[in-house]
Amino acid sequence: MPNLEHPAYPAATLLHLESLVPCRESQVSMLLSIFGERQQFSFPSIFIYGHTSSGKTYVMQTLLKTLQLPHVFVNCVEYFTSRLLLEEILMQLQNCSSETEQTSQVHCDTFNDFVRLFKQAVVSEEFEDQTLYIVLDRAEQLREMEANILPAFLRLQELTDRNVTVILLSEIVWELFRPNIGCFEPFTLYFPDYSIGHLQKILSQNHHPKYSVDFYAAYINILLGVFYMVCRDLKELQHLAALNFSKYCEPVVRGEANERDTRKLWKNIEPHLKKAMHTVYLREISSSQWERLQRDDGEPGQLKGLSAHTHVELPYYSKFLLIAAYLASYNPVRTDKRFFLKHHGKIRKTNFMKKHEKTSNHLLGPKPFPLDRLLAILYSIVDNRVAPTANIFSQITSLVTLQLLSMVGHNDQLDGPRYKCTVSLDFIRAIARTVNFDIIKYLYDFL
């Protein structure tokens with residue numbers, strides 16, 4: 001028995017809509033009740049909220065397109081100023097109108113202009129006979145615009161005296177939107193997170209045509225058993241399911257097992273799913289590189305410079321500043337002459353390298369260093385002379401902001417600021433590799 005029923009739409013259309021939005025039937029049914037029939041005035045504004053990947057955007061797009069309701073869909077992140085947002089809505093209205101043959105550039109500076117141009121754009125019969133829906137995705141960006149934008153959108157039906165409904169999609173609750181001066185209260189609708197049963201049902205719909213539905217459902221059950229506690233993002237799970245399915249099928253392809261040998265299939269896929277656990281959300285390597293590693297039974301870290309943790313886009317001199325900071329943090333001060341002075345004279349090895357008398361500096365952690373020592377090491381390791389300009393000092397500040405360096409003490413110290421380098425050895429080796437600098441030769445612990 002179908003869950004969606006509405007007298008204004010054919011049963012076949014509602015049945016097709018229900019198949020497109022699994023596990024969201026109650027929310028779609030509520031929206032259909034609010035929308036009413038096409039020619040009826042709907043609620044002036046609707047606020048839909050829920051966590052990431054809870055189906056808000058997909059359900060609204062599918063609902064409006066399947067029922068062929070006139071609508072405008074705008075992402076507020078893409079159109080991040082009020083002028084861009086208002087002009088995009090008017091442009092899409094022109095494209096929707098069958099009476100407008102050529103779309104001309106619209107200029108709209110204020111909301112008063114928008115109301116006037118909006119009335120002109122919806123004079124056609126197709127907009128007068130049915131409700132027009134304006135959907136603003138990522139609506140939390142409206143809070144960064146002028147103070148009148150959000151209250152005006154909530155009362156757009158009243159301001160224009162037209163049959164229009166504004167739908168706001170957001171990841172935060174309405175209480176964080178409400179202006180201090182008050183505004184028209186929208187109808188709020190919550191999209192809860194998908195449960196593990198919902199995710200199982202949705203992911204199982206994308207089964208491979210070469211294999212049975214039960215075989216793919218068993219694979220999804222294994223996948224969710226591994227990832228559900230750390231990842232409930234539907235898009236990420238879909239990506240992981242598509243990425244690892246070929247490895248799950250290998251015993252069946254080689255003839256070593258059939259589709260019902262769950263134990264053999266699990267033993268084959270288990271180590272690869274554990275590897276994938278380290279890259280959830282990060283996209284450390286591309287899908288093709290991951291598949292190549294799966295074939296070679298390699299580790300993700302074997303691809304040099306591809307890890308999101310060990311590859312950061314920094315300016316050229318910022319990389320050398322970070323290298324110099326690492327050397328200053330992990331090398332004793334007395335070794336600077338040995339590493340960075342070209343004509344340092346003879347230093348007796350027996351006195352210099354007494355490693356048995358001390359613990360490794362990498363085990364003790366980074367030591368603070370003054371700014372002048374950092375710059376001295378920088379001038380030594382960079383081939384061409386670097387002037388101590390404001391650009392260099394601003395890059396040090398940027399490294400502190402990125403939490404690659406940390407400032408020790410206070411800015412008002414008489415002896416100048418002191419810093420610590422907070423990155424790992426693997427991180428700095430990857431950074432040094434991008435500028436062809438062998439950092440191991442300059443570390444006291446590796447002599």
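The values are calculated or read from the model by the stated rules, or taken from the named source; none is laboratory data. Remember, predicted model here, so these are calculated numbers, not experimental data. Heads up, the Cβs are rebuilt from the backbone with ideal geometry, glycines too, and the neighbour counts pull from every protein chain shown. Note: areas computed on protein heavy atoms with side chains; ligands, DNA, RNA excluded. Shrake-Rupley method; radii C 1.70, N 1.55, O 1.52, S 1.80 Å.
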| message | Out of the total accessible area of segment 154-281 (probe 1.4 Å, heavy atoms of protein only), what percent is carbon and sulfur? | response | 53
| request: Find how much the distance from TYR190 to SER26 grows on full extension, using 0.36 nm per residue of separation minus their present alpha carbon separation; answer in nm with one decimal. | output: 58.0 nm
| said: No solvent, one uniform scatterer per C-alpha: report log10 I(q)/I(0) for segment 138-277 via the Debye equation at q = 0.15, 0.20 1/Å, two decimals. | reply: -0.77, -1.12
| field | Ratio of Rg to Rh over segment 88-221 (Cα coordinates, Kirkwood Rh, two decimals) | value | 1.14
| request: Over the alpha-carbon set of segment 1-93, work out the extent along each principal axis and list the three values in angstrom, largest first. | output: 47, 32, 20
| field | Sorted peptide list for 180-186, 364-370, criterion being average Cβ within 10 angstrom, highest first | value | 364-370, 180-186
| query | Under a 5 Å amide H to amide H cut-off, with H placed in plane at 1.01 Å, what residues pair with ILE167 once short-range neighbours are removed? | reply | ILE46, ILE134, VAL135, LEU136
| Using θ = phi - 60° and the Karplus curve 6.51 cos²θ - 1.76 cosθ + 1.60, what whole-Hz ³J(HN,Hα) does each residue of segment 195-209 get, with Gly and Pro shown as x? | 6, 5, x, 5, 5, 4, 5, 5, 5, 5, 5, 8, 5, 6, x
| field | Within segment 13-89: Cβ-based charge dipole about Cα centre, in debye rounded to nearest 20 (Lys, Arg +1; Asp, Glu -1) | value | 40
